[in-house]
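Contents: one structure, followed by commentary.
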Amino acid sequence: LVKKDSKCGFIDENNVEVIALQYDDAYPFETENFTFVKKGDFWGGIDIDGHIVLPFEYKELEYFHNDYFYGPTFRLMHNGKYGYIDAYGDVVVPFDYDYIEDFIIGFEVIVRLNGKYGVFEVDEGVVIPAIYASAESAWDAFRNIDHPEDCEYNINGERRVYDDITNG
């Protein structure tokens with residue numbers, strides 16, 4: 001990845017231009033065949049030969065990396081909704097949400113839809129529907145999915161009150 005006169009392109013190991021300096025911004029190739037590049041206000045994807053493989057329809061690209069994915073994932077906005085695309089150009093979280101947080105531990109991510117929160121898991125899909133009033137309560141429901149009685153928060157995002165049997 002090189003930048004000259006505010007345009008980005010790509011050179012090979014011999015400093016020969018292989019993808020013209022035509023983009024307003026770009027990420028380096030994290031895999032051998034895909035990266036994000038920007039033209040104007042929109043991001044798209046190109047392959048190693050410079051062919052467009054993802055149309056220039058995405059906004060608000062944010063790079064995110066964790067140890068569970070090979071390479072980074074990218075949170076983007078498409079048609080007013082957020083989703084994630086991986087370093088291969090594959091959609092790993094569909095563009096269905098008003099907002100998506102960063103991945104927390106592994107393949108799970110907090111999603112927001114219509115002012116409510118849920119949890120999406122890359123391999124499973126929606127594991128906690130977006131019905132919770134806070135991100136904390138949705139994550140708590142996910143952590144305790146097999147034992148909902150152990151949840152610290154209720155669906156309204158309030159801390160649960162437990163009876164203290166030691167005080168009578």
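With the requirement that a residue be assigned to a strand (DSSP E or B) and exposed (fewer than 11 other Cβ atoms within 10 Å of the Cβ), what does region 1-39 give you?
Selection gives Lys4 alone.
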Scope region 115-133; condition assigned to a strand (DSSP E or B) and either in contact (Cβ under 8 Å) with a residue 40 or more places away in the chain or among the acidic types (Asp, Glu) (or both); matching residues: Glu121
Counted residues, region 93-114 - those being open to solvent by less than 20 Å² (accessible area, probe 1.4 Å) and assigned to a strand (DSSP E or B): 7
Index of the failed condition, Asp163 passing every other in (1) open to solvent by 80 Å² or more (accessible area, probe 1.4 Å); (2) at pLDDT 90 or above: (2)
Scope region 76-86; condition modelled with pLDDT of 90 or more and open to solvent by 10 Å² or more (accessible area, probe 1.4 Å); matching residues: Met77, His78, Asn79, Gly80, Lys81, Tyr82
Single match in Phe29, Phe42 (criterion: within 19 Å of Tyr63 (Cβ to Cβ) and at pLDDT 95 or above): Phe42
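The values are calculated or read from the model by the stated rules, or taken from the named source; none is laboratory data. Keep in mind the model is a prediction, meaning the values are calculated, not measured. Methodologically, a virtual Cβ is constructed for each residue, glycine included, from the backbone with ideal geometry; neighbour enumeration extends over all protein chains shown. Heavy atoms of the whole protein, side chains included, go into the accessibility calculation; ligands, DNA and RNA do not. Shrake-Rupley method; radii C 1.70, N 1.55, O 1.52, S 1.80 Å.
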